[in-house]
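Here's the structure, in structure tokens; my notes come after.
The values are calculated or read from the model by the stated rules, or taken from the named source; none is laboratory data. What you see is a predicted model, and the numbers here were worked out from it, not measured in a lab. Counting neighbours? That spans all protein chains shown, and the Cβs are built from the backbone with ideal geometry, glycine included.
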Amino acid sequence: GKSIAFISTRDGESQIWMISTAGGEAKKISSIATEASGLVVSPDGKWFAFSSDVYPDCPDEDCNVKRMEAVEKNKVKAKIFTHLPFRVWNYWKDGKRSHLFVMPSAGGKAVDLTPGDYDTPPIDLTGNWSYAFSPDSKEIAFERNTDPMIAASTNNDIWIVPVAGGEAKKITTNPANDSQPLYSPDGKYIAYRAMKRAGFESDQNDLMLYERATGAVSNLTADADFSVNDVVWSPDSRSIYFNAEDKGSVSIFKLSVREKKTTTVLGKAWNTALRLSPDGATLVFAQEMANRPTEIVRMDASGKNLKPISAINSERVSALEMNLLEEFWFDGANGTKVEGFLLKPAKFDPAKKYPLIFLVHGGPQGQWGDDFHYRWNSQMFTSRGHVVVMVNPRGSTGYGQQFTDEISKDWGGKVYEDLMKGLDYVLKTYPFIDGNRMAAAGASYGGYMMNWIAGHTDRFKAIVSHDGMFNPWSAYGTTEELWFNEWEFGGTPYKNPDLFNTWSPMLSAEKIKTPTLVIHGQLDYRLDVSEGFQFFTALQRQGVKSKMLYFPDEGHHVLKPQNSELWYKTVLDWIEEYTR
């Protein structure tokens with residue numbers, strides 16, 4: 001192509017812009033008052049698809065403009081809600097819905113393809129894309145959830161609609177989550193991901209195939225025990241490349257559509273954002289490792305000749321001493337094999353004793369691995385001379401669905417035992433770790449586990465709890481994703497209170513003695529800031545040494561660079577104070 005289309009806020013609004021590949025000034029293409037995001041370009045280059053938040057009862061842009069102007073001018077800032085969710089992640093819905101629009105790439109009027117009182121894309125569980133054009137650029141497949149109680153539903157479905165407009169058609173009937181539709185280059189199929197269990201956001205994503213001519217659906221990965229992430233078709237429509245979490249890596253696989261046979265293309269590092277060259281010969285993707293930030297690389301589609309394309313961080317990385325991640329395995333709860341990782345500090349001397357930072361990941365369905373995590377960077381945690389240990393306990397992804405399932409309704413059970421057994425293992429195996437100078441830290445579920453650990457052991461000298469659940473009852477009533485809490489704790493607290501009490505860190509708070517740093521963001525609507533306030537209050541009320549770092553302008557993640565700098569300094573200062 002001769003031009004690049006992109007989303008920019010350079011004039012204060014999120015709009016579509018284009019720039020020539022030869023350089024020059026960018027040209028603004030869209031000017032929709034409700035702004036644009038999630039840009040997708042049609043195969044023929046004539047159409048742009050994007051999403052925009054609109055008032056669902058407004059028939060046109062003028063109506064939206066008048067409504068927004070009235071809200072802005074009104075001195076009363078009260079909000080009235082009539083349904084859930086009224087806020088999502090870090091923003092308020094304010095009565096709006098996300099709709100799918102198309103407009104000519106040459107400029108012109110944007111047309112709403114999904115009018116009505118539903119979100120397109122849905123509020124969550126959408127994957128890395130939510131809509132795609134057919135190869136002839138005449139149709140779009142998209143995700144939408146039309147259940148009456150969206151906050152308690154994972155029932156996202158795949159729909160299709162003509163680019164010219166018209167009635168949308170639902171092509172999936174699965175009551176669980178369907179996501180990431182992608183047409184085959186020959187136009188015969190739509191590949192998409194599907195879960196099996198309604199209400200469970202961390203079920204295995206199988207790769208499904210919808211035949212457009214007949215409506216027949218087949219499961220291409222029915223016999224697999226991994227969850228499909230990014231997907232890309234080969235030009236001949238005979239193969240699909242995808243990546244999946246795989247024992248601390250994100251590996252690349254190739255699937256033969258006819259034989260439904262999967263082979264590993266690249267089984268190391270953290271490989272994301274897959275793309276395939278038009279001739280199908282070369283894979284291009286983002287790759288990172290624990291000792292190397294993300295760069296763009298290329299590789300033969302066969303898995304050979306891996307070469308870097310970018311070297312944006314090479315100068316900075318070459319000036320730093322960063323060690324490789326080391327893996328270890330041990331027997332966890334019930335004798336199950338569990339994987340962990342260890343990272344040594346720079347200028348490591350095996351004859352010395354080092355303090356330990358024990359990190360617990362969030363999710364809880366997630367994994368530590370060979371990635372350069374920017375918010376919880378393992379190299380940063382070693383920067384003051386600590387050894388870092390990260391365990392993937394029960395509930396982690398990349399080890400098969402059963403392993404992932406074994407945390408649900410058991411939040412402080414086998415997973416806690418896995419973590420403690422992992423800690424016991426490294427203390428026994430690595431003599432350079434000083435078991436008398438250990439700190440623990442985690443965020444989200446990792447924050448929950450910090451709150452749980454604080455009330456169940458005193459083996460750590462310091463704890464850092466970021467955005468952690470302290471009171472499961474109040475966490476249920478303040479989250480926007482009811483399906484998550486209802487699945488993990490076996491229902492609602494007023495109908496099934498037992499597990500909300502069994503796994504409540506609050507009910508063990510009187511046992512806490514470990515100095516604890518609490519961190520929370522005001523804009524965290526996944527785990528409300530009140531969870532952090534409650535935990536800090538309990539610590540202070542009992543005279544436990546404690547500090548709270550509060551961000552009025554951050555949500556569940558600390559993303560602003562200056563805030564991130566303060567976060568790392570505060571966390572490392574706290575840990576160092578008690579593990580010198």
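Right, Ser504: of a type outside the set (Phe, Trp, Tyr), within 23 Å of Glu406 (Cβ to Cβ) and touching a His at 6+ places or on another chain (Cβ under 8 Å) or not? Considered against the rule, which asks whether it is of a type outside the set (Phe, Trp, Tyr), within 23 Å of Glu406 (Cβ to Cβ) and touching a His at 6+ places or on another chain (Cβ under 8 Å), Ser504 comes out as no. Taken residue by residue, segment 171-182 has at least one member that is under 25 Å from the mean Cα position of the chain (by Cα), more than 13 Å from Tyr210 (Cα to Cα) and polar (S, T, N, Q). Every condition in (1) in a loop (DSSP other than H, G, I, E, B); (2) surrounded by 16 or more Cβ atoms within 10 Å (Cβ to Cβ); (3) free of Cβ contacts under 8 Å to residues at least 40 places away in the same chain is met by Glu13 except one, and the failing one is (2).
The single condition from (1) closer than 23 Å to Phe285 by Cα; (2) surrounded by 20 or more Cβ atoms within 10 Å (Cβ to Cβ); (3) without any contact (Cβ under 8 Å) to a residue 60 or more places away in the chain that Tyr210 fails is (1). If the condition is being of a type in the set (Gly, Ala, Ser), assigned to a loop (DSSP other than H, G, I, E, B) and more than 15 Å from the chain's Cα centre (by Cα), then segment 186-206 contributes Gly187, Ala198, Gly199.
Condition first: among the basic types (Lys, Arg), surrounded by fewer than 19 Cβ atoms within 10 Å (Cβ to Cβ) and assigned to a strand (DSSP E or B). Can you find one or more residues in segment 30-47 that meet it?
no
Residue-level check: of (1) among the β-branched types (Val, Ile, Thr); (2) over 27 Å from the mean Cα position of the chain (by Cα); (3) within 30 Å of Phe81 (Cβ to Cβ), Thr214 misses just (3).
Being of a type in the set (Gly, Ala, Ser), buried (at least 17 other Cβ atoms within 10 Å of the Cβ) and part of a loop (DSSP other than H, G, I, E, B) is a property that does not hold for Ser251.
Please work out if Thr492 is under 22 Å from the mean Cα position of the chain (by Cα), surrounded by fewer than 23 Cβ atoms within 10 Å (Cβ to Cβ) and closer than 25 Å to Leu125 by Cβ.
Working: under 22 Å from the mean Cα position of the chain (by Cα): no; surrounded by fewer than 23 Cβ atoms within 10 Å (Cβ to Cβ): yes; closer than 25 Å to Leu125 by Cβ: yes.
Here the answer is no, as Thr492 does not meet what is asked.
Against the condition surrounded by fewer than 21 Cβ atoms within 10 Å (Cβ to Cβ), in a helix (DSSP H, G or I) and at negative phi, how does Tyr578 come out, does it pass? Against the criterion (surrounded by fewer than 21 Cβ atoms within 10 Å (Cβ to Cβ), in a helix (DSSP H, G or I) and at negative phi), Tyr578 qualifies. Restricted to segment 374-424, and to residues there that are assigned to a loop (DSSP other than H, G, I, E, B) and acidic (Asp, Glu), the residue that is farthest from Trp270 (Cα to Cα) is Asp410. The set of residues from segment 166-186 being on the phi > 0 side of the Ramachandran plot and crowded, with 16+ Cβ neighbours inside 10 Å comprises just one member, Gln180. In the condition set (1) in contact with a helix residue (DSSP H, G or I) (Cβ under 8 Å, 6 or more places away or on another chain); (2) in a loop (DSSP other than H, G, I, E, B); (3) buried (at least 23 other Cβ atoms within 10 Å of the Cβ), Asp371 is compliant with all but (1). Within segment 336-368, if we keep just the residues that are among the aliphatic types (A, V, I, L, M) and within 23 Å of the chain's Cα centre (by Cα), the residue that is surrounded by the fewest Cβ atoms within 10 Å (Cβ to Cβ) turns out to be Leu359. Residues that are surrounded by 22 or more Cβ atoms within 10 Å (Cβ to Cβ), assigned to a helix (DSSP H, G or I) and either of a type in the set (Ser, Thr, Tyr) or without any contact (Cβ under 8 Å) to a residue 24 or more places away in the chain (or both) within segment 507-561 comprise just one, Phe536.
Can you pull out the residues in segment 264-320 that are outside any strand (DSSP E or B) and within 16 Å of Val250 (Cα to Cα)? Can you show your working first?
Taking segment 264-320 first, the residues outside any strand (DSSP E or B) are 267-269, 277-281, 290-291, 301-306, 309-320.
Listed by number, the residues that qualify are Gly267, Lys268, Ala269, Ala290, Asn291, Gly303, Leu306.
Screening Thr173 on (1) of a type in the set (Ser, Thr, Tyr); (2) free of Cβ contacts under 8 Å to residues at least 60 places away in the same chain; (3) touching a Ser or Thr at 6+ places or on another chain (Cβ under 6 Å) shows it passes everything except condition (3).
Scanning segment 106-140 for residues that are under 22 Å from Asn205 (Cβ atoms) and of a type in the set (D, E, K, R), we see that the one that is surrounded by the most Cβ atoms within 10 Å (Cβ to Cβ) is Asp119. Quick one: which residue in Ile19, Ile29, Ile4 is among the β-branched types (Val, Ile, Thr), touching a strand residue (DSSP E or B) at 6+ places or on another chain (Cβ under 9 Å) and in contact (Cβ under 8 Å) with a residue 40 or more places away in the chain? The unique qualifying residue is Ile29. On inspection, Asp53 does not qualify as loosely packed, with under 13 Cβ neighbours inside 10 Å, closer than 23 Å to Glu139 by Cα, modelled with pLDDT of 95 or more and not hydrophobic (A, V, I, L, M, F, W, C). Taken over segment 321-338, the criterion of being in contact (Cβ under 8 Å) with a residue 12 or more places away in the chain, closer than 15 Å to Lys414 by Cβ, touching a strand residue (DSSP E or B) at 6+ places or on another chain (Cβ under 9 Å) and outside any loop (DSSP other than H, G, I, E, B) is satisfied by Phe330, Asp331, Val338. Take Val163 and decide whether it is surrounded by fewer than 18 Cβ atoms within 10 Å (Cβ to Cβ) and not charged (D, E, K, R). No: the conditions fail for Val163.
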